[in-house]
Structure formats: structure tokens, C-alpha cells
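Below: one structure, written as C-alpha cells.
The values are calculated or read from the model by the stated rules, or taken from the named source; none is laboratory data. Just so we're clear, the structure is a prediction, and the values are computed from it rather than from any experiment. Quick reminder, even Gly has a Cβ in these numbers, built from the backbone with ideal geometry, and neighbours come from all protein chains shown.
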Amino acid sequence: PRSFLKALRDRSDLIEYRQANLSNPIVVSKCFSDSAPNGLLYTHVLDITGELVPNRPAEVYIQRCFRVPLLIARAAAAQRSRDPESLKAYIRFTGPFYNHPDVDKRYKESDPDGWKPRGPQAVWWHEILRTIGSIEELPLVVLRSGLVYGPGNFMFEATALTLLGLVYKNLGRDMQLLWSPDLPKTCMNSQDIAGVVWRAAEWISTLSRKEADAIAGSPIPPSYDPSVTPENCPDALPASMGPVIIPTFNLADEGDATQAKLSAVISRVFGINATFLESSEGLFDGKTLGEIIEEATEVHLNAWNEIITTSNPPVPDTPLSPYMPPGLIMEHGCAMDGERIKKASDRPFRYPRFDENAIHDYVNWCREDGIWPETNLYTG
């Protein structure tokens, strides 16, 4: 995006952009031995590596969600062992990859029921937390996100729902969503996440790991998935070692979002109606859920293609997309309690909830980057 390239140009004194094969241990080690532009060793590491696309082979997830971040964590720990004053904060992200079946409950960081991975992708995003959490040299904080939307996001869940508002405005139909309107969908805007990341890094930089564990430590339990074996992944922490205590914060805003709340905002912004199909029984005329999703996806993408190719000007190469992989459309909630991060933060969120203002600002960001389809469907 233009904004990313602009940041590289405007802050070349602070930002150096590198591309590297992080699956290569030598390359990862060199990233830490080759100093930053100011000649100093890295003091803050933010690791957001991992595979976000669902339904990939297990080997892909083991490599990208486990082995790569483990290499980075070990290299960071090695730097700190050489120079104990160098690395002050190591922030590891994980996403909304967990089963939260109780629609009335908001899962705290310390609740083991909120740490049950949802599928093979989630297993390896989860297991890496336990493994790097056992590296005592790391000044580690785990940030568990809900649905991320806002600048820098182009697809999936909250962002895709926004784009579907434009699609259904174009189609002239009600936007029909699967599952209950009460299905929780914890959110946070990317700009607020950026602020939380920095505050979390500053927080951990003043504490020992033991002190941080005492304040915000959460027991991260094993996934107990049968694929986590020494044969598949020798470096994975055995389930027999039990939970690993790690300073952890849920990235949850104050909106307590549900499907109903999200769709209500979309409805107001685009002037459409939203309805819910709460059960698949008797609603699909004998078709499977997979067939229904496939048909809906085709309708969405055809309409989206029409929008981006007939806009003024056309934006056929926009990274924006209403597409969601079938795994993300299944019935699953994201229900996280945000009280801990709210108490730890020393300033209010810029976007305390997913609302019209957040959408307008996101659209304007897309416009500045030249990726928003300008049509009469949305003129805000």
C-alpha cells in the first residue's frame, strides 16, 4: 500500500525494510547480528509470523506457525544472553483461533476453556506459545487478538463484512448471515492494536519475567491435539509438561461485538437490511452447507468484480476482498474479556467499538491508498 511505502521513505532514519527467508536458521541469526540502521542491537521484537490462511496441510502450519517463530525466539534469546541489557521486550501475537462456544461468556486470559484451538491451523499457533513461553531469557508478552479491522487489513471477517455491505448494496438485496445474531465477535481496530503493542512492550521492559508473570501471567494449557508428537515436531513442548505461565493480554475493545452489532453498523452505513439464518436445518433446500457457502462466495466475488472494474476509476488490482475461506464461515464465536488490557492501558482507545466512525475512517484510508472503489453505492 502507498501508506507503507510512504512510511519507508519518510522514516528511513528509523525503518529498514528487509526480506528474508525466516525458515533458515542462519538467516534468522544474521537478522539479529546485523545491527539496526542506528547501529544498535534490537531492543524490541514484535513477532507476527504465521500462516493465516485456513485449510492448508498440517506441514505448512508446523513450518510457518511453529518452526519459524521458534527460530526467531531462540535467536532473540541468544542475543539477550550475549548482551543482557539489549532485548527489553518480545511481543508474540496470536489470533482468534479458539473455540468459544458459550455465547453468554467472555473468556479471560486465565480461563483454560478459552484456550481450545479450533483446527490444525490453530493448534500450531497455540503450541508455539507454550514452547517460546518456556524460554526463560525472553521478556515475553503474548497478545491474543480478536477480529482485527482498520488500516492495513484487506480481508477476512470484520473487514470482509464491511465490503459485503457494498456488495449487497450493489445487489439490492438483504445481507443474509449464517448463525445467531448473538454469536460473539470480539474486535479491535488495528490503530488501537498498534498502541497496545507499544504499551505492552514498555510494560514488560521494566519488569523481570517473574514479576510480569505475577501481574499478568496466564496458564497456557496444552492443545492435547494428537498431531503434536515428537515425530511431527520434536521441538514442541510435551503435553505432559502442563500449562506454561506467560504474561498475556486479550486484544478486545469495549464494544462487546456480536454478529448483530456488527451487521447493524454495516446496515446503517450502506443502507441495507441484514437478516440471520440461525440454523441450517430446513433452510438450504437439501443442499449442504459447503454448497451454500460456495454459491454465496461466487455471488459475492462476481458482484465485487463488477464493483471494482466499473468504479471511477477502476481498481481491478485492489487487495480488498469480501472473500472468506469456508473455515471462517463456520459457526464459531470469538468471545474475549478485555478488562485486563483496559486496566493496563493508560489512554482510551481511539476506536472503542466497531461503529460508523471506524468504517468511515477505514474507507478514507483505503481512498488515500487508491484501493477503494469509488461508486455511488457509498458516498460518505
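The test for being surrounded by 18 or more Cβ atoms within 10 Å (Cβ to Cβ), at pLDDT 95 or above, touching a strand residue (DSSP E or B) at 6+ places or on another chain (Cβ under 7 Å) and not in a helix (DSSP H, G or I) holds for residue 138.
When the criteria are applied in full, residue 326 fails the requirement of being within 19 Å of residue 362 (Cα to Cα), in contact (Cβ under 8 Å) with a residue 60 or more places away in the chain and touching a helix residue (DSSP H, G or I) at 6+ places or on another chain (Cβ under 9 Å). Selection within segment 286-318: residues that are more than 25 Å from the chain's Cα centre (by Cα) and buried (at least 16 other Cβ atoms within 10 Å of the Cβ). The member of this set that is farthest from residue 376 (Cα to Cα) is 292.
Is it fair to say residue 235 is of a type in the set (Asp, Glu), outside any helix (DSSP H, G or I) and in contact with a helix residue (DSSP H, G or I) (Cβ under 8 Å, 6 or more places away or on another chain)? Steps first, please.
On the way: of a type in the set (Asp, Glu): yes; outside any helix (DSSP H, G or I): yes; in contact with a helix residue (DSSP H, G or I) (Cβ under 8 Å, 6 or more places away or on another chain): yes.
In short, yes.
Taking the criterion of being in a helix (DSSP H, G or I), of a type in the set (A, V, I, L, M), more than 13 Å from residue 267 (Cβ to Cβ) and under 16 Å from the mean Cα position of the chain (by Cα), the residues of segment 142-185 that qualify are 158, 160. Answer yes or no: is there a residue in segment 29-38 that is of a type in the set (Ser, Thr, Tyr), in a helix (DSSP H, G or I), surrounded by 15 or more Cβ atoms within 10 Å (Cβ to Cβ) and modelled with pLDDT under 95. Checking segment 29-38: at least one residue is of a type in the set (Ser, Thr, Tyr), in a helix (DSSP H, G or I), surrounded by 15 or more Cβ atoms within 10 Å (Cβ to Cβ) and modelled with pLDDT under 95.
Can we say residue 26 is over 22 Å from residue 141 (Cβ atoms), out of contact with any Asp or Glu (no Cβ under 6 Å at 6 or more places or on another chain) and surrounded by 12 or more Cβ atoms within 10 Å (Cβ to Cβ)?
For residue 26, the condition - over 22 Å from residue 141 (Cβ atoms), out of contact with any Asp or Glu (no Cβ under 6 Å at 6 or more places or on another chain) and surrounded by 12 or more Cβ atoms within 10 Å (Cβ to Cβ) - is not met.
Rundown of residues vs (1) in contact (Cβ under 8 Å) with a residue 40 or more places away in the chain; (2) on the phi > 0 side of the Ramachandran plot; (3) not hydrophobic (A, V, I, L, M, F, W, C), yes/no style:
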| position | (1), (2), (3) |
| --- | --- |
| 206 | no, no, yes |
| 210 | no, no, yes |
| 223 | yes, no, yes |
| 229 | no, no, yes |
| 234 | no, no, yes |
| 238 | no, no, yes |
| 246 | yes, no, no |
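Residues that are more than 18 Å from residue 49 (Cα to Cα) and crowded, with 20+ Cβ neighbours inside 10 Å within segment 81-97 comprise just one, 87.
A count restricted to segment 39-84 and to residues that are modelled with pLDDT of 95 or more, part of a loop (DSSP other than H, G, I, E, B) and among the β-branched types (Val, Ile, Thr) stands at 2. Might you let me know whether segment 10-20 holds any residue that is part of a helix (DSSP H, G or I), charged (D, E, K, R) and either more than 26 Å from the chain's Cα centre (by Cα) or surrounded by fewer than 13 Cβ atoms within 10 Å (Cβ to Cβ) (or both)? Taking every residue of segment 10-20 in turn, at least one turns out to be part of a helix (DSSP H, G or I), charged (D, E, K, R) and either more than 26 Å from the chain's Cα centre (by Cα) or surrounded by fewer than 13 Cβ atoms within 10 Å (Cβ to Cβ) (or both). Would you check if residue 339 is touching a strand residue (DSSP E or B) at 6+ places or on another chain (Cβ under 9 Å) and more than 23 Å from residue 154 (Cα to Cα)? Spelling it out, residue 339 is indeed touching a strand residue (DSSP E or B) at 6+ places or on another chain (Cβ under 9 Å) and more than 23 Å from residue 154 (Cα to Cα).
Just name the residue that is nearest to residue 311 (Cα to Cα) out of those in segment 322-380 that are among the small types (Gly, Ala, Ser) and not in a loop (DSSP other than H, G, I, E, B). So, considering only residues that are among the small types (Gly, Ala, Ser) and not in a loop (DSSP other than H, G, I, E, B), the one nearest to residue 311 (Cα to Cα) is 358.
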